[in-house]
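Inspection log for the structure reproduced underneath, given as structure tokens.
Please treat every number below as a calculation from the coordinates, not as lab data. What you see is a predicted model, and the numbers here were worked out from it, not measured in a lab. So basically every Cβ, Gly included, is an ideal-geometry build from the backbone, and we count neighbours across all protein chains shown.
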Amino acid sequence: MTDVHAHFAGEGYDVPAELARMRRAGVTRVILASDTLAHAREHARISAEEDGVFFAAGIHPSESNEYNGDTVSALKALCGRAGCVAVGEIGLDYHYPDTDKPRQWEAFRGQILLADMVGLPIQIHSRDAAADTLAVLREMRPHLGHGLLLHCYSYGKELLDDFLRLGAYVSFGGVLCFKNARRAVESCVACPEERLLTETDSPYLSPFRGQKNAPANIPVVVARMAEIRGIDAEELAARTDENADRLFPGLRGER
Ligand SMILES: [Zn+2]
């Protein structure tokens, strides 16, 4: 099993203990997604020391004020490190009222170009910004050739086809276990099996509300996903692992 999106840096984890717990749960791989350059560096360090730990280097839309020529150069260097399997998380987040949208667009477009240049897929964070995310992706389509992931997909199934047509993979996590998760459940059921991935978004969105999430919870996500899609959990785990290998060749040591 694979956790394609989790955060360790700055979250107070006992990393070796957390990874031991993850492996005991049968989760063999985790991709640590980064929101800032400092956290990307921390994830690169953990990845270099630990088997099965990979990372994505990128600046989160809510941290777009740190996006500039220097940080792009530093991210580019990190993308060349072993263990870096994606650029991310990048995207648009309009949740907060003081959002500097043009700055987010600039950072999103710039990091899509970076991913294309270094030959890596992107991990996309999109919150309350579906229309603009689609607009940027359509405009940047010639640069999406290395693949894209919509992480923690939160929009309705009506929009799913628009993202799938752009070649997107879609990952779901603990939200599927929430009582009010109708939208995510419907989208998860509607997603073609060959585009489906599993994530925790640790430390957020634990399937056990109020608890700190961890990659060791991936079997809970897999079981719930299998239940709502009406298939065998082991079968689903195998399929989503294959999908992860296809989208992130770096997981197999290939770039
Ligand atoms: Zn995240």
In deg cm²/dmol, rounded to 500, what helix-only [θ] at 222 nm does the chain give when every DSSP H run of at least 4 residues adds -39500 (n - 2.57) and the total is split over its residues?
-13000 deg cm²/dmol
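Counting only C-alpha contacts under 8 Å and six or more residues apart, can you give the relative contact order of the chain as a whole percent?
Values: 527 pairs, mean separation 51.8, N = 255.
Taking the mean separation of contacting Cα pairs over the length of the chain, I get 20 percent.
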Taking amide H atoms as placed 1.01 Å from N in the peptide plane, list the residues 5 or more away in sequence, or in a different chain, whose amide H sits under 5 Å from that of residue 200.
4, 5
Got the relative contact order for segment 146-255 handy, in percent, Cα pairs under 8 Å and 6 or more residues apart?
24 percent
List the residues of segment 61-99 whose backbone N lies under 13 Å from a point placed 7 Å from the Cα of residue 166 along the Cα-to-Cβ direction.
90-93
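Summing Lys, Arg as +1 and Asp, Glu as -1, what charge do residues with Cβ under 15 Å from the Cβ of residue 17 carry, residue 17 excluded?
Working: positive: 21, 23, 24, 212; negative: 11, 14, 18, 49, 50.
Net charge in that neighbourhood comes out at -1.
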Calculated log₁₀ intensity ratio I(q)/I(0) where the Debye formula runs over C-alpha points of segment 15-86, q = 0.12, 0.26 Å⁻¹:
-0.33, -1.11
Placing each pseudo-label 7 Å from Cα in the direction of the beta carbon, residue 158 and residue 95 end up separated by a distance in nanometres of 2.3 nm
One finds the C-alpha centres of segment 15-67 and segment 77-146 to be spaced, in Å, by 18 Å
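Please compare each pair in 157/179; 76/101; 76/157 to a cut-off of 26 Å on the Cα-Cα distance and tell me which ones are over it.
Values: 157/179 18 Å; 76/101 24 Å; 76/157 34 Å.
Distance filter (> 26 Å) returns 76/157.
At a 10 angstrom cut-off on C-beta neighbours, averaged per residue, how do the peptides 215-228, 241-254 rank from highest to lowest?
In descending order of packing, they fall as 215-228, 241-254.
Please label the shape of the chain as rounded, prolate or oblate, based on the square roots a ≥ b ≥ c of the eigenvalues of the alpha-carbon gyration tensor (a/c under 1.5 means rounded; beyond that, a/b larger than b/c means prolate, else oblate). Display every interim value, and only then the final one.
Values: a/c = 1.44, a/b = 1.14, b/c = 1.26.
Judged from the Cα gyration tensor, the chain comes out rounded (a/c under 1.5).
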